[in-house]
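Asker: Have a look at this one before I ask anything.
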Amino acid sequence: AYPLWDLKRYIFNSTIPLCLGTLSFALTVLSLNGNNFHGKIPKTFLDGNNMETLELSQNKLQRNVPKSLIKWKALEVLNLGHNQISDVFPCWLQIA
């Protein structure tokens, strides 16, 4: 298992790879902030993952926050700041 995957400031210039959805089962922290990821956040993140922290700030991500994140029961930190997301705060993501 890979509890932490820190790829911040590697300056990727692409979309977020779809395979990261599969890795979300093995990771607890995924930090991709400070890159040049663009496009939308993939909807491929799967049910039942163990992700506690997802850092996607300081990229060029667009569109909406995917509703698949509601399935992330362990998620405590979601940082989407400094992107180009055109969405309002997703009420379905609030703490119950």
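The values are calculated or read from the model by the stated rules, or taken from the named source; none is laboratory data. Only a predicted model underlies this, so the values are computations on that prediction, with no experimental measurement involved. Don't worry about glycine lacking a Cβ; one is built from the backbone with ideal geometry, like all the others, and counts go over all protein chains shown. Calculation scope for accessible area: heavy atoms of the full protein, side chains included, ligands and nucleic acids excluded. Shrake-Rupley method; radii C 1.70, N 1.55, O 1.52, S 1.80 Å.
Asker: Would segment 61-71 turn up any residue that is surrounded by 14 or more Cβ atoms within 10 Å (Cβ to Cβ), under 18 Å from residue 18 (Cα atoms) and at pLDDT 90 or above?
Answerer: yes
Asker: Sticking with this structure for a sec: Can you tell me which residues in segment 38-56 are part of a loop (DSSP other than H, G, I, E, B), open to solvent by 10 Å² or more (accessible area, probe 1.4 Å) and modelled with pLDDT of 85 or more?
Answerer: Residues satisfying the conditions are 40, 52.
Asker: Which of the residues belonging to segment 78-90 are of a type in the set (A, V, I, L, M), farther than 16 Å from residue 35 by Cα and open to solvent by less than 50 Å² (accessible area, probe 1.4 Å)?
Answerer: Start the filter on segment 78-90 by keeping residues that are of a type in the set (A, V, I, L, M), which leaves 78, 80, 85, 88.
Within this subset, residues satisfying the condition of being farther than 16 Å from residue 35 by Cα are 78, 88.
Answer for segment 78-90, where residues must be of a type in the set (A, V, I, L, M), farther than 16 Å from residue 35 by Cα and open to solvent by less than 50 Å² (accessible area, probe 1.4 Å): there is none.
Asker: Kindly provide the set of residues from segment 78-96 that are in contact with a Ser or Thr (Cβ under 9 Å, 6 or more places away or on another chain) and not in a strand (DSSP E or B), ordered by number.
Answerer: 80, 81, 82, 83
Asker: Test residue 75 against the stated conditions and say whether it is crowded, with 16+ Cβ neighbours inside 10 Å, part of a loop (DSSP other than H, G, I, E, B) and either modelled with pLDDT of 80 or more or in contact with an Asp or Glu (Cβ under 8 Å, 6 or more places away or on another chain) (or both).
Answerer: Judged against the criteria, residue 75 is a match.
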